Each structure stands twice: as structure tokens, then as C-alpha cells.
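Asker: First the structure, then my questions, so here it is.
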Amino acid sequence: MEARAHLRYARIAPRKVSVVLDMIRGEDVDKALAILQYTPKAACELLYKLVKSAAANAENNHNMDKNNLYVAECFVTPGPTLKRVMPRAQGRAYRILKRTSHITVVLKEKE
């Protein structure tokens, strides 16, 4: 039995999110939330809400015990990239890529 939570089209680059996901993978939910709360990274705020959502899904939809949950899987995949233009010298234009992410967190119960 597992509980999932997805965050689609998050306006943060996947490589910034994956650094934080590596810190919480395999941890208990309470410890993962503590790590996310006190780590000064931009992705932590999004992931904190996502882990809480997955825990609520586990408790309310799957009747799992909140105290026995751990982060079984967590991964990020790139979403669509927004293309923007930055004016440069002598009439040139450079492209700016604003990357987006699809983040998934899977919680399971310890046995």
C-alpha cells in the first residue's frame, strides 16, 4: 500500500529540486519534514507542502498509520520549458530558458 502526491508545473529547475530530494529519500515522514523545514533551499517550501499532502493522502484515503510512514520514493522530471528573450548589445537577443518540474513523492508504511 502506498500514498502518492504530485506537483506538476512547479516553476523551479529540476536540478535544484533533486538536491533536496536526495536528502529526504528513505527518511521517516517526521524527519523529512524537519529536514525540509530547516534547510535553506528554494525547493524546500514546495516539498514540505508536498510531503504533508502525501501524508494526509495516506492517512485519509488509505487508512495508513501516520507514525509508520516513510518516504519510499521521490523523484523529479522536467516539465515544459518556458522560452523568454533577453535583449543584448547591438540588437541581438539571447534566449532564457525558464525550466519547470514535475515532482512526485511516494510514502509507504513500515512493516
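The values are calculated or read from the model by the stated rules, or taken from the named source; none is laboratory data. Please read all numbers here as calculations on a predicted model, not as lab measurements. Cβ placement follows ideal geometry from the backbone for every residue including glycine, while neighbour counts extend to all protein chains displayed. Only protein heavy atoms, including side chains, enter the accessible area calculation; ligands, DNA and RNA are left aside. Shrake-Rupley method; radii C 1.70, N 1.55, O 1.52, S 1.80 Å.
Asker: Which three extents, in angstrom, do the Cα atoms of the chain have along their principal axes, listed largest first?
Answerer: For the chain, the Cα spread along each principal axis is 64, 25, 16 Å.
Asker: Mind checking the dipole of the chain: about its Cα centre, +1 per Lys or Arg Cβ, -1 per Asp or Glu Cβ, Debye to the nearest 20?
Answerer: Values: 20 positive and 11 negative charges, 262 e Å.
Computed about the Cα centre, the dipole is about 1260 debye.
Asker: Still on this structure, please answer the following. What does the accessible area of Glu109 come to, in Å² to the nearest 10, when a probe of 1.4 Å is used?
Answerer: 70 Å²
Asker: Then there's this: When only the heavy atoms of the protein chains count and the probe is 1.4 Å, how do Thr77, Thr39 rank by accessible area, highest first?
Answerer: Result of the area sort, largest leading: Thr77, Thr39.
Asker: How large a share of the accessible area of the chain, in percent, is made up of carbon and sulfur atoms when the probe is 1.4 Å and the other protein chains stay in place?
Answerer: Details: 3430 of 7200 Å².
Carbon and sulfur: 48 percent of the exposed surface of the chain.
Asker: Taking 24 Å as the cut-off for C-alpha to C-alpha distance, list the pairs among Lys31/Lys98; Lys49/Lys83; Lys41/Lys66; Lys49/Lys108 that go past it.
Answerer: From Lys31/Lys98; Lys49/Lys83; Lys41/Lys66; Lys49/Lys108, over 24 Å: Lys31/Lys98; Lys49/Lys83; Lys41/Lys66.
Asker: Mind checking the per residue accessible area of the chain for me, 1.4 Å probe, whole number of Å²?
Answerer: For the chain, the per-residue accessible area is 65 Å².
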